[in-house]
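Heads up: the structure comes next, in structure tokens.
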Amino acid sequence: MNEKEIFNQGGFLPLWCDVETNVEPNVEEQVLSRAYTEQRKDLTTLLAELEDIKNMIEDAKAREWHLGQLLKFHNAGLKKE
């Protein structure tokens, strides 16, 4: 059997699993440690961030309502043809 026949039958050659990487094992750990650095914030900062998130949610809800009204207007037959 050649490689194409093995592939078509759903089998995989062992050499297909071999992956060569030029990345040192410690590099991945360094990247992860930079991505997940511990941050400590005071309560007032956290509350301000929470308030910003609440405002963004309220804004999104208002936009959703407005688009819903426009859709009703459009579906009512008041559209250009």
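Please treat every number below as a calculation from the coordinates, not as lab data. Only a predicted model underlies this, so the values are computations on that prediction, with no experimental measurement involved. Positions of Cβ are backbone-derived with ideal geometry, glycine not excepted, and every protein chain shown enters the neighbour counts.
Side notes on the structure shown:
- 3J(HN,Hα) from dihedral phi, segment 64-74, Karplus parametrisation 6.51/-1.76/1.60, rounded to Hz, x for glycine, proline: 4, 4, 4, 5, x, 5, 5, 5, 4, 4, 5
- Neighbours of residue 65 by Cβ distance under 14 Å: Lys/Arg scored +1, Asp/Glu scored -1, total 0.
- Assuming charge only on the beta carbon of Lys and Arg (+1) and of Asp and Glu (-1), the dipole of segment 41-81 about its Cα centre is about 400 debye to the nearest 20.
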